[in-house]
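**Student:** Below is a structure I'd like to ask you about.
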Amino acid sequence: MDFVISIDLKAALPLYRQVYAQLRQAILSRRLTPGKKLPSTRTLAQLLSVSRTTVTQSYEMLLSEGYLETIVGSGTFVCRQLPDELLNITPIQPKSQLPHSSISLSTYGESLSDRAFLHLPEAEVEISFSYGRPAFDQFPIDLWRKLLSRHCRFSRYVLDYTYDSMGYQPLKEAIADYLSRSRAVKCKPEQIIIVAGSQQGLDLITRVLIDRGDWIAVEEPGYLSARRAFLAQGASLFPISVDQSGLIVSSLTTNIIPNIKFVYVTPSHQFPTGATLSLSRRLELLAWAHKSGTMIIEDDYDSEYRYGERPIPALQGLDQANSVIYLGTFSKVLFPALRLGYLVLPQNLVHIFARAKWLADRQCSLLEQYALTDFITEGHLERHIRRMRALYDQRRQTLVQSLFSYFGDKIEISGENAGMHLMVKINTELTDDKIVHLAALAGVSIGAAYPQYLKHSPGSEFILGYAELNEQKIQEGVRRLAQVILID
Ligand SMILES: Cc1ncc(COP(=O)(O)O)c(C=O)c1O
């Protein structure tokens, strides 16, 4: 290439964004002209001494924004049909303008225009500790195919709109029964609405119940995608710290804080620290919510997996005052591409949510709802969970042992008693981005925890998912991490 890309390893900006920004600037200033071929990701990575992941991510961003195009078999090029206006715009876009046209964004659209929102595909690495992924190779896919084909026949009930946006009644019955046995959730099937994963549940909650300027208390650190849904609706967020017993409820009850409309919590396995909200804090939170008229959003995303300890009943089941909206998902126990989850709502909110769901996407796919109903009622779900619990427990123990044996007292582990990930704090001088970068060079992907903080992150914290990795990969992954982190 005829210009230099400079990389600053100490900069707060992630490396892929540094590469992205400089390539984009070169295109806009015509140092890279339309039709110019770019080096392959491998070549540019070698040239810059960065990982291929870094270059791939920056190319992906430029491709998705129309600056680059790929020609199969030939490579990646600066887009030939780059509109002239695009070449004239300054790097800082005027507020409310889309890059390719002058249409103004809605307030909602504006809230999404931050580039940090981009959901980039994860680059292929040999060993990925990315969190939230179940053991895909253990999913009983043949059985699932059988259940799907059982219902995949010519019938208007399979093919038509249902006009019941809340979900397939037998599935809601099966979920109500399962939740009452496994999580002590108290609900009738009529209180359940089937949604396209937890994320749609959060989106519906924000649309129906949150107005611009409403205050929502969130865990600090906490789940980024929930925060983004709230912010996109114009909510203001109030961070409440967590410790080893989960949300510090006394911060809500004793501090002078704004009028909070909702508290969003992950009590079974706090995301990302992994803490479990103690029973006494659960009762304290419910009492405060009742007294202050605040609603609680309880996100029970991976509560099925507890190791050694007895599960604590869900907040929803302990609640006496209709203060809780309970949110669950099949993304972790089955697979995320299924896009099925559920909301358990106080009775008086059900119909309004049903209308919001109808407006959003009518209904969740029926075929999958039918198959899932059979999967639950024929006992496959609980069998699968039992099997995965034993498997994940082994993987979790291997990870903990490997971390201690390679890092010794240079590491602190939290949240290992539940779920499918744990969090580590590494005693190191290296920046978080540098660690992620060095790990990627060694063929290992790990996620830094800092994006999950609303305010200031203490740094050096990482989230390690282990459910998808066999024991050998876990050990090898930790060995490589120790090699790059402790030696650098
Ligand atoms: C806290 C939390 N809630 C919910 C989810 C699941 O989201 P979904 O059901 O939309 O796949 C995740 C996934 O990682 C999560 O971390």
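The values are calculated or read from the model by the stated rules, or taken from the named source; none is laboratory data. Since the model is a prediction, treat every value here as computed from it, not as a measurement. Cβ atoms come from the backbone with ideal geometry, glycine included; neighbour counts cover every protein chain shown. Ligands, DNA and RNA are stripped out before the accessible areas are found, and what is left, the full protein with its side chains, is counted by its heavy atoms. Shrake-Rupley method; radii C 1.70, N 1.55, O 1.52, S 1.80 Å.
**Student:** Just the number please: accessible area per residue for the chain, 1.4 Å probe, all protein chains included, in Å².
**Tutor:** On the way: 22550 Å² over 488 residues.
Roughly 46 Å² per residue, with all protein chains present.
**Student:** For residue 126, project a label point 7 Å along Cα to C-beta. Then give me every residue of the range 43-80 with its amide nitrogen under 18 Å of that point.
**Tutor:** Counting backbone N atoms under 18 Å from the label point, the list is 46, 50-54.
**Student:** So how far apart, in nm, are the two label points at residue 70 and residue 256 if each is 7 Å from Cα heading toward Cβ?
**Tutor:** For the pair residue 70/residue 256, the computed spacing is 5.7 nm.
**Student:** Oh, and also: Rounded to the nearest 20 Debye, what is the dipole magnitude of the chain about its Cα centre when Lys and Arg each give +1 and Asp and Glu each give -1 at the C-beta?
**Tutor:** Working: 51 positive and 50 negative charges, 105 e Å.
Computed charge dipole of the chain: roughly 500 debye.
**Student:** Just to be sure I understand the rule: take each whole DSSP H helix in the chain, project its Cα atoms onto its long axis, keep it if the span is 30 Å or more and its mean Kyte-Doolittle hydropathy is at least -1.0. Which ones pass? List each step's numbers first, then the result.
**Tutor:** Details: long enough: 380-407 (39 Å, -0.81).
Span-like helices in the chain: 380-407.
**Student:** Filter the cross-link list 186/261; 37/434; 188/291; 291/425; 172/473; 410/455 down to pairs whose alpha-carbon distance in this structure exceeds 32 Å.
**Tutor:** Over 32 Å apart, Cα to Cα: 291/425; 172/473.
**Student:** Another question, if that's okay. Can you give me the relative contact order of the range 156-378 as a percent, contacts being Cα pairs under 8 Å and 6 or more apart? Spell out each step's value before the answer.
**Tutor:** Numbers: 394 pairs, mean separation 63.7, N = 223.
In percent, rounded to a whole number, it is 29.
**Student:** Order 165, 280 by their accessible area, 1.4 angstrom probe, all chains in place, largest first. List each step's numbers first, then the result.
**Tutor:** Numbers: 165 10, 280 80 Å².
Of 165, 280, the descending order of accessible area is 280, 165.
**Student:** OK, next. Once you keep just the Cα pairs under 8 angstrom separated by 6 or more residues, what percentage relative contact order results for the chain? Before the final figure, lay out each step's value.
**Tutor:** Working: 818 pairs, mean separation 89.0, N = 488.
18 percent.
**Student:** I've got another one for you. Roughly how many Å² of residue 456 are accessible to a 1.4 Å probe, to the nearest 10?
**Tutor:** Its heavy atoms expose roughly 150 Å² to the probe.
**Student:** If you take the square roots of the eigenvalues of the alpha-carbon gyration tensor of the range 339-463 and sort them as a ≥ b ≥ c, do you get rounded (a/c under 1.5), prolate (a/b over b/c) or oblate? Don't skip to the end; give the middle numbers.
**Tutor:** On the way: a/c = 2.78, a/b = 1.74, b/c = 1.59.
In terms of gyration-tensor shape, prolate.
**Student:** To the nearest 10 Å², what's residue 428's accessible area with a 1.4 Å probe?
**Tutor:** The accessible area comes out at roughly 30 Å².
**Student:** Next up: Please arrange 152, 79 by accessible surface area, largest first, computed with a 1.4 Å probe and ligands excluded. Show your work: numbers first, answer last.
**Tutor:** Values: 152 85, 79 20 Å².
Result of the area sort, largest leading: 152, 79.
**Student:** Compute the separation of the alpha-carbon centres of the range 174-189 and the range 360-407 and state it in Å as a whole number.
**Tutor:** Result: 18 Å between the Cα centres.
**Student:** I've got another one for you. At 222 nm, what helix-only mean residue ellipticity would the chain give, in deg cm²/dmol to the nearest 500, using -39500 (n - 2.57) for each DSSP H run of four or more? Mind dumping the intermediate values first?
**Tutor:** Details: 18 runs with 199 residues, N = 488.
Taking each H run of at least 4 residues, the total per residue is -12500 deg cm²/dmol.
**Student:** From the backbone phi of the range 124-140, what are the Karplus-calculated ³J(HN,Hα) couplings (6.51 cos²θ - 1.76 cosθ + 1.60, θ = phi - 60°) in whole Hz, Gly and Pro given as x?
**Tutor:** 5, 10, 5, 10, 10, 8, 5, 8, x, 9, x, 6, 4, 6, 9, 5, x
**Student:** Then there's this: Can you give me the C-alpha center-to-center distance between the range 1-55 and the range 414-488, rounded to a whole angstrom?
**Tutor:** Cα centroid to Cα centroid, the span is 26 Å.
**Student:** Okay, next question. Take the chain, drop everything but the C-alpha atoms, weight them equally and run the Debye formula without solvent; then report log10 I(q)/I(0) at 0.10 Å⁻¹ to two decimals.
**Tutor:** -0.88
**Student:** Further question: May I ask you to list the residues of the range 439-475 whose amide nitrogen lies under 15 Å from a point 7 Å from Cα along the Cα→beta-carbon direction of residue 139?
**Tutor:** Counting only backbone N, you get 467-469.
**Student:** Can you say what percent of the DSSP beta bridges in the range 274-363, counting only those with both residues inside, are antiparallel? Round to 5. Please report the intermediate quantities before stating the final value.
**Tutor:** Working: 4 of 8 bridges.
Approximately 50 percent, going by the DSSP bridge assignments.
**Student:** Right, something else. Along Cα→Cβ, 7 Å out, is where each label goes; now give me the distance between the ones at residue 33 and residue 224 in nm to one decimal.
**Tutor:** Distance between label points: 3.9 nm.
**Student:** Here's something else I'd like to know. If you roll a 1.4 angstrom probe over the protein chains with everything in place, what fraction of the accessible area of the range 156-378 belongs to carbon and sulfur, to the nearest %?
**Tutor:** Of the solvent-accessible surface of the range 156-378, carbon and sulfur hold 52 percent.
**Student:** How would 405, 58 line up by accessible area, probe 1.4 Å, largest first? Show your work: numbers first, answer last.
**Tutor:** On the way: 405 90, 58 0 Å².
Largest to smallest exposure gives the sequence 405, 58.
**Student:** For residue 454, list long-range residues whose amide hydrogen, built 1.01 Å from N in the peptide plane, is under 5 Å from its own amide hydrogen.
**Tutor:** 222
**Student:** What does the extension gain come out to for residue 429 and residue 111, with contour length at 0.36 nm per residue minus their alpha carbon separation?
**Tutor:** Extra length available between residue 429 and residue 111 comes to 111.0 nm.
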